[in-house]
Amino acid sequence: MCLSHFDGQWAAMDNRCPHQNGPLGEGSIEKGVDGKCWIRCPWHGWDFDPLTGAPPGGHEDTGQTLYPVDIRDGEIFVGLEPEPQRERTITDVMAETMVNWSVKRVFGMVGHSNLGLSEAIRHRTVDGDLSYVGVRHEGAAAFAASAYGKLTNKPAACLTIAGPGATNLMTGMWDAKVDRAPVLALTGQVQTQVFGPGAFQDIDLKSAFDAVSKFSQPVLSTSKHAELMSLVCKTALVERDVAHLIFPDDVQTEPSDEDASQPEGRTGGSVVVPSGEDIAAATKLISEAERPIIVIGHGAVEARDAIVNFAEQLGAPVLTTFKGKGLISDSHPNAAGVLGRSGTPIASWFMNEADLIIALGASFSNHTGIERSKKII
């Protein structure tokens, strides 16, 4: 809305200059060569009558839509038509599918190239299906989504605009990939009609994300939109990796009557059960050990209470990996600190003196340095 005050009168008109949608309300009222005063668009200098919205020469087809204004007790009221019923869009289908896959959080920034997708997410937020967290830099959104995935084992989404907004996700996405955290990356993109010729903020986002993502695809008008979002959510959950979708600006608001997809029947169980022979062999090793220790990594986060109880019964020290720090309290009698380069001397001493290592939820990374010459379960 462009609100003007001129010659003691108020007027309200469409804020978008018909030339290139310049922000008319950020312009100024200037005296033209004809001696008449005009609202001047700050982008390219198009002029409009400050009270009627008509351009010089009176060409109504390039004039501004005017809205009724009423002054009541010193307050300005602008009359608007009732908002029309919102048409269901491609991004509505995809946001609903995301909710069906139990995605609860979106971290991100709203800008010119993701407005349609942001509006779809806003409607899901208003309905209580999603929680949106605005950030000041896309890198913060990436790390927030990565941390959320690590702590909950469920994917959150990070939302950005095209170009530098999308590439600002990279470090956080690599953090998620290396630590096997499920994450959805939803990036805006320039309009499909200007792909390639060098439009503002047009870069090849699919190539940019290929190395850091397990799944990366553009969303086109002809795509199977619910299926695409289901594949993204499934990939993030099953592969514990980054899954990426690219949303061209013009595609986001295209109408769609497609139904949202449901996750039922699309994934199998994720519980891995050791064989009876492995359990018997482990039990024998433990019963024969005189100085067993337990090493726990972040992969054991959901079993930490059972592990601590097991350590108490066994009388075994509990060491953690760097990423697993905090899975047992430092004040617990069985806690033996962090093992490895970022660890404590006492943890290394316990490992060197042990005759059995019980490793749970650890990846045996070089940073941790578990001694492979020992007997290991």
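The values are calculated or read from the model by the stated rules, or taken from the named source; none is laboratory data. Values in this document were obtained by computation on a predicted structure and should not be read as measured data. Cβ placement follows ideal geometry from the backbone for every residue including glycine, while neighbour counts extend to all protein chains displayed.
Scanning the range 50-70 for residues that are more than 44 Å from the chain's Cα centre (by Cα) and either closer than 15 Å to H5 by Cβ or in contact (Cβ under 8 Å) with a residue 12 or more places away in the chain (or both) yields a total of 3.
Every condition in (1) closer than 26 Å to D179 by Cβ; (2) out of contact with any Leu (no Cβ under 8 Å at 6 or more places or on another chain) holds for A347 except the one numbered (2).
Contact map, the range 319-332: residues that are part of a loop (DSSP other than H, G, I, E, B) paired with residues that are of a type in the set (K, R), Cβ distance under 9 Å, separation 6+ or inter-chain. Pairs shown: F322/R341; K323/K150; G324/R304; L327/R304; I328/R304.
Which members of the range 111-129 meet the condition of being free of Cβ contacts under 8 Å to residues at least 24 places away in the same chain and either in a loop (DSSP other than H, G, I, E, B) or not hydroxyl-bearing (S, T, Y) (or both)? Give the steps one after another, and end with the answer.
First, the residues of the range 111-129 that are free of Cβ contacts under 8 Å to residues at least 24 places away in the same chain: 122, 125-128.
Residues satisfying the conditions are R122, V126, D127, G128.
In the condition set (1) in a strand (DSSP E or B); (2) surrounded by 19 or more Cβ atoms within 10 Å (Cβ to Cβ), Y132 is compliant with all but (2). Per the conditions (1) modelled with pLDDT under 95; (2) assigned to a loop (DSSP other than H, G, I, E, B), the sole criterion not satisfied by Q193 is (2). When the range 22-49 is limited to residues that are under 44 Å from the mean Cα position of the chain (by Cα) and exposed (fewer than 12 other Cβ atoms within 10 Å of the Cβ), the one that is modelled with the lowest pLDDT turns out to be H44.
Consider A280 carefully, then state whether it is free of Cβ contacts under 8 Å to residues at least 60 places away in the same chain, in the same structural domain as G343 (by TED's automatic domain parsing), aliphatic (A, V, I, L, M) and closer than 21 Å to R180 by Cβ.
Values: free of Cβ contacts under 8 Å to residues at least 60 places away in the same chain: yes; in the same structural domain as G343 (by TED's automatic domain parsing): yes; aliphatic (A, V, I, L, M): yes; closer than 21 Å to R180 by Cβ: no.
When the stated conditions are applied, A280 does not pass them.
The residue of the range 333-355 that is nearest to S287 (Cα to Cα), among those that are assigned to a loop (DSSP other than H, G, I, E, B) and small (G, A, S), is A354. Can you name the residue in the range 333-367 that is in contact (Cβ under 8 Å) with a residue 60 or more places away in the chain and crowded, with 19+ Cβ neighbours inside 10 Å and, of all such residues, is nearest to F322 (Cα to Cα)? For the range 333-367, the residue satisfying everything is A362.
Condition check ((1) hydrophobic (A, V, I, L, M, F, W, C); (2) in the same structural domain as H225 (by TED's automatic domain parsing); (3) more than 19 Å from I246 (Cβ to Cβ); (4) in a helix (DSSP H, G or I)) across all residues:
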{"site": "M94", "(1), (2), (3), (4)": "yes, yes, no, yes"}
{"site": "V99", "(1), (2), (3), (4)": "yes, yes, yes, yes"}
{"site": "R136", "(1), (2), (3), (4)": "no, yes, yes, no"}
{"site": "A144", "(1), (2), (3), (4)": "yes, yes, yes, yes"}
{"site": "A147", "(1), (2), (3), (4)": "yes, yes, yes, yes"}
{"site": "L159", "(1), (2), (3), (4)": "yes, yes, no, no"}
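When the range 356-377 is limited to residues that are of a type in the set (V, I, T) and assigned to a loop (DSSP other than H, G, I, E, B), the one that is farthest from the chain's Cα centre (by Cα) turns out to be I377. When the range 77-111 is filtered for residues that are surrounded by fewer than 24 Cβ atoms within 10 Å (Cβ to Cβ) and polar (S, T, N, Q), the ones remaining, listed by number, are Q85, T89, N100, S102. N114 meets all of the listed conditions (1) buried (at least 23 other Cβ atoms within 10 Å of the Cβ); (2) within 10 Å of the chain's Cα centre (by Cα) but one, namely (2).
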